[in-house]
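Report on one structure; see the data block that follows.
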Amino acid sequence: MTETFFLVANALSLLLPILLSGIFFIFCIKKRWFEFLNHPIDAGLSLGGVRLFGPNKNWRAPVFYVVFGTGITYVLHFLAPSQTWIARVFLSDPLVLGLLSTIAYSGAELVNSFIKRRLHKPAGSPGGKLQTFFDNVDGAFASGIVLFCFGVPLGLLLVSFLFSFAVHAGTDLLMQSLKLKEANK
């Protein structure tokens, strides 16, 4: 197998905890499962008369990403010693790696939502090219910082980041086609 194949495979393996959690999350939204978690993270609190986060920021997404992403990190941890396509970072403590990377991913989504509310951007509204870019990379960037701290080489992170951007855009299209998210007009 070539070096390029391993670079691509390792970069894609870095996405699996978030990607697979996200796909399962979309499935659960469509099936209306776990709706008991649909309580606003900000509990309706506001700052200067504006909610802290957007109305779609509820507990279901972070719980899914943290629980399922950490579970997937465990699976990758057990497979990593015998599978060279899996990034070596998954040899790390799966609980610590899984929790930190998924909490960072979810936390970045909240930071982005908080900033958009301060800029008076309605939830789900297009915010221009810069805002769309940040909507697509906020979580990947934050979890990438965690992965970098665990020793993932910058070059591998950059390749993974590019894939992450494409995957996020693709999942947005999937959610729009399933009528779970409105298209930005």
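The values are calculated or read from the model by the stated rules, or taken from the named source; none is laboratory data. None of the values given here were measured: they were computed from a predicted structure. With ideal geometry, Cβ positions are generated from the backbone for all residues, glycine too; neighbour counts draw on all protein chains shown.
Here's the yes/no breakdown for (1) exposed (fewer than 14 other Cβ atoms within 10 Å of the Cβ); (2) in contact with an Asp or Glu (Cβ under 8 Å, 6 or more places away or on another chain); (3) small (Gly, Ala, Ser); (4) without any contact (Cβ under 8 Å) to a residue 24 or more places away in the chain:
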position	(1), (2), (3), (4)
Tyr105	no, no, no, no
Phe114	no, no, no, no
His120	yes, no, no, no
Thr132	no, no, no, no
Leu173	yes, no, no, yes
Which one of these does Phe36 not meet: (1) under 30 Å from Arg117 (Cβ atoms); (2) in contact with a helix residue (DSSP H, G or I) (Cβ under 8 Å, 6 or more places away or on another chain)? (2)
Name the single residue that is nearest to Pro17 (Cα to Cα) among those in the range 34-62 being out of contact with any Ser or Thr (no Cβ under 6 Å at 6 or more places or on another chain) and charged (D, E, K, R). Arg60
Top-ranked residue of the range 33-47 - restricted to ones that are more than 18 Å from Ser106 (Cβ to Cβ) and not hydrophobic (A, V, I, L, M, F, W, C), ranked as surrounded by the most Cβ atoms within 10 Å (Cβ to Cβ): Glu35
Condition first: hydrophobic (A, V, I, L, M, F, W, C) and either over 23 Å from Ser46 (Cα atoms) or not in a helix (DSSP H, G or I) (or both). Now tell me which residues in the range 105-125 satisfy that. Leu119, Ala123
Counting only residues in the range 81-99 that are in contact with a Ser or Thr (Cβ under 9 Å, 6 or more places away or on another chain), surrounded by fewer than 20 Cβ atoms within 10 Å (Cβ to Cβ) and hydrophobic (A, V, I, L, M, F, W, C), the one modelled with the lowest pLDDT is identified as Trp85
If we keep just the residues of the range 49-72 that are without any contact (Cβ under 8 Å) to a residue 40 or more places away in the chain and not hydrophobic (A, V, I, L, M, F, W, C), which is farthest from Arg118 (Cα to Cα)? Gly71
Can you pull out every residue in the range 33-60 that is among the small types (Gly, Ala, Ser) and either assigned to a loop (DSSP other than H, G, I, E, B) or touching a Gly at 6+ places or on another chain (Cβ under 8 Å) (or both)? Ala43, Gly44, Gly48, Gly49, Gly54
Subset of the range 1-32 that is loosely packed, with under 14 Cβ neighbours inside 10 Å and either assigned to a loop (DSSP other than H, G, I, E, B) or not β-branched (Val, Ile, Thr) (or both) - its residue that is modelled with the lowest pLDDT: Met1
